[in-house]
Amino acid sequence: MSFRYRGSVCSNLDDIKTFIQNVLNKLENIVDDVDLMFDLKIILNELVINGVIHGNKYNKNKCVNLYLEVVEDTIRIEVSDEGQGIDFDIESYNPKELKCCGRGLVIVTGLSDEIYIDKNKVVAVKYISRDSMLNLTK
């Protein structure tokens with residue numbers, strides 16, 4: 001079983017809610033695990049909103065791109081923006097400093113099994129059990 005989604009949304013926070021909800025609605029057709037759906041919602045929200053705020057600097061002429069792929073027991077979420085990119089080191093994040101910057105990536109790291117950051121693209125990978133997926137062959 002596989003599922004692929006590719007889309008983009010301009011850097012308008014009002015449009016992002018609808019964009020992410022549409023993606024989640026598609027995922028609900030194949031994911032049968034409430035906890036997994038919650039994790040995916042948080043990951044998608046954090047990555048897309050980070051792209052708008054930190055990457056595109058709220059520029060409505062710039063877009064955030066999403067590629068999502070479910071193949072067997074793996075969900076891969078790839079988000080890129082039109083910004084300059086970042087050089088993020090999770091080890092250097094100090095939650096006691098109460099900074100807003102970096103917190104979203106720490107959350108995504110905690111909810112993901114793997115995370116890769118390459119300039120203006122973040123890839124989050126989540127491994128799932130087959131029990132979490134709906135049987136689409138019925």
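Derivation of every value follows stated rules applied to the coordinates shown; laboratory data play no part. None of the values given here were measured: they were computed from a predicted structure.
For segment 1-74, what is the Kirkwood estimate of the hydrodynamic radius, computed as the reciprocal of the mean inverse distance between distinct Cα atoms, to one decimal in Å? If you can, show how the numbers build up before the last one.
Numbers: mean 1/r = 0.0779 Å⁻¹.
When all Cα pairs of segment 1-74 are included, the Kirkwood radius is 12.8 Å.
Output wanted: per-residue J couplings in Hz (rounded whole) for segment 127-133, from phi through Karplus 6.51 cos²θ - 1.76 cosθ + 1.60, θ = phi - 60°, x for Gly and Pro.
So the Karplus estimates, Gly and Pro as x, are 8, 10, 8, 5, 5, 7, 9 Hz.
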